[in-house]
Amino acid sequence: MKDSIGTLKIREHVPLGPFTTLGVGGPARYMAEAATEQDVTLALHFAKRENLPLLVLGGGSNLLVSDAGFAGLALKIAIAGVEQPDPLREGRVRVAAGENLDDFIQACVEQDLAGLECLSGIPGTVGATPIQNVGAYGAEVSEVLYSVRVLDRVSENISEIQGWDCRFAYRSSIFLTTERDQYVVLGLTFDLRRGGKPLLKYADLHATLAGEDSPTLKDVRDAVLSIRAAKGMVIKPDDPDTRSLGSFFKNPIAHPETVPRIEQAARRRSCLAFGEKIPQFQTAEGHSKIPAAWLIERAGFPKGYRSGRVGLSTKHALAIVNLGGATAREVVALMNAIQAAVKGAFGIELIPEPTFIGFD
């Protein structure tokens with residue numbers, strides 16, 4: 001145990017696997033848990049003094065840690081609290097970064113606050129959501145995010161970044177691009193809709209809610225949880241299919257004019273039958289989003305595929321799962337094999353969603 005710094009306790013050589021939903025990864029040289037904003041500042045001071053890189057941990061649902069671990073300070077954000085700061089804006093809610101995302105969404109639904117119900121069941125903490133502009137079933141965090149409370153790692157100043165300044169895109173934001181590693185997210189403020197109608201943009205939701213004339217927020221939340229559970233995307237300790245990072249690859253985005261050429265190439269490689277079309281969904285920008293899971297299965301990696309101690313979920317081909325005792329090296333080997341197969345079959349480069357830590 002390293003000497004405490006103020007209220008901050010720092011441990012040494014802590015395995016990071018248990019702090020991720022995939023359950024793999026070596027140890028962090030140091031680890032601390034920040035329950036307050038002051039703790040975050042103290043952790044920054046320690047990292048700077050010891051000349052250490054800093055890894056900010058939320059729920060670990062999108063993190064692949066190498067078998068060698070992380071040679072720096074891993075900081076678990078555990079800041080808690082939810083409040084409605086403006087009585088005149090009933091739907092405006094401020095939430096600390098360490099709050100569990102699904103618990104927060106459930107509370108919003110129970111208070112008749114619309115806007116986040118389609119993100120139900122996504123594991124992790126609230127603070128991780130703006131990093132990749134978390135989205136599911138036709139909704140994205142960016143649509144209801146008012147501002148992000150951040151600590152600048154260099155100046156150590158705390159400020160608010162307005163939602164429109166985060167430059168959100170599909171699974172992207174300034175926190176992954178121009179301002180990567182610049183900030184620690186401390187909290188978020190959402191503008192939700194008091195008594196608002198639920199979002200119903202996704203075909204699976206319409207099918208699940210068929211027969212419901214006016215589905216409530218709870219109806220939509222329950223439907224989303226049901227769909228995610230059927231795909232192994234709701235974390236259950238007794239279900240090995242959920243020992244994953246969720247969707248491991250992003251759905252590729254293509255210009256509509258290029259899709260026919262992709263289909264022709266796939267037919268030449270006998271990956272697509274004559275007259276068969278690649279499934280696609282139109283984005284708001286008019287591009288075509290192609291389901292990565294469909295590409296993976298057509299490239300020869302069906303649901304339930306196994307390779308040693310790693311494999312694909314029996315419920316969804318987009319989730320790489322730890323079958324027990326897996327290593328990060330095995331996960332990466334399967335990732336590489338899938339990428340190569342999809343590239344060879346369709347000429348499409350699959351982009352991984354997780355953040356990779358400790359890899360050269």
- Item | Surface share of carbon and sulfur [accessible, 1.4 angstrom probe, percent] for the stretch 1-75 | 52
- Residue-level accessible surface for Leu209, protein heavy atoms, 1.4 Å, Å²: 20
- Hey, what number do you get for the chain at 222 nm if only DSSP H runs of n ≥ 4 count, each worth -39500 (n - 2.57), divided across all residues, to the nearest 500? -6500 deg cm²/dmol
- Where in the stretch 222-277 are there chymotrypsin sites (Phe, Trp or Tyr not before Pro) that are in a DSSP coil and have at most 12 other Cβ atoms within 10 angstrom of their Cβ? Phe274
- Query: Among 157-164, 25-32, what's the highest-first ranking by average C-beta atoms within 10 angstrom per residue?
  - Reply: 25-32, 157-164
- Query: So for the stretch 35-144, what percent of the C-alpha to C-alpha distances run longer than 20 Å?
  - Reply: 48
- Please list 260-266, 306-312 highest first by mean number of surrounding beta-carbon atoms within 10 Å per residue. 306-312, 260-266
- Task: Using only protein heavy atoms and a 1.4 Å probe, report how much of Leu176 is accessible, in Å² to the nearest 10.
- Result: 40
- Message: Rounded to the nearest percent, how much of the accessible area of the stretch 257-327 (1.4 Å probe, protein heavy atoms only) is carbon and sulfur?
- Response: 52
- Task: Set Lys and Arg Cβ to +1 and Asp and Glu Cβ to -1, take the dipole of the stretch 305-360 about its Cα centre, and tell me which of Met335, His316, Gly347 lies farthest positive.
- Result: His316
- Fraction of antiparallel bridges per DSSP, the chain only, in percent to nearest 5: 75
- Item | Accessible area of the stretch 232-326 divided out per residue, in Å², using a probe of 1.4 angstrom | 50
- Item | Correct option for Rg and Dmax of the Cα atoms in Å [calculated from the coordinates] among (i) 25.6, 92; (ii) 21.0, 68; (iii) 20.6, 61 | (ii)
- Item | Highest-first arrangement of 126-133, 346-353, where packing means the average Cβ count within 10 Å | 126-133, 346-353
- Based on DSSP H assignment, which helices of the chain show an axial Cα extent of at least 24 Å together with a mean Kyte-Doolittle hydropathy greater than or equal to 1.0? none
- Note on the structure: A student applying the Cα gyration tensor rule (rounded when a/c is under 1.5; otherwise prolate if a/b is larger than b/c, oblate if not) would label the stretch 208-307 oblate
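The values are calculated or read from the model by the stated rules, or taken from the named source; none is laboratory data. These figures come from a predicted structure and were not determined experimentally. Glycine gets a Cβ as well: all are built from the backbone with ideal geometry, and neighbour counts include every protein chain shown. Each accessible area value is taken on the protein alone, full model and side chains, heavy atoms only, with ligands, DNA and RNA left out. Shrake-Rupley method; radii C 1.70, N 1.55, O 1.52, S 1.80 Å.
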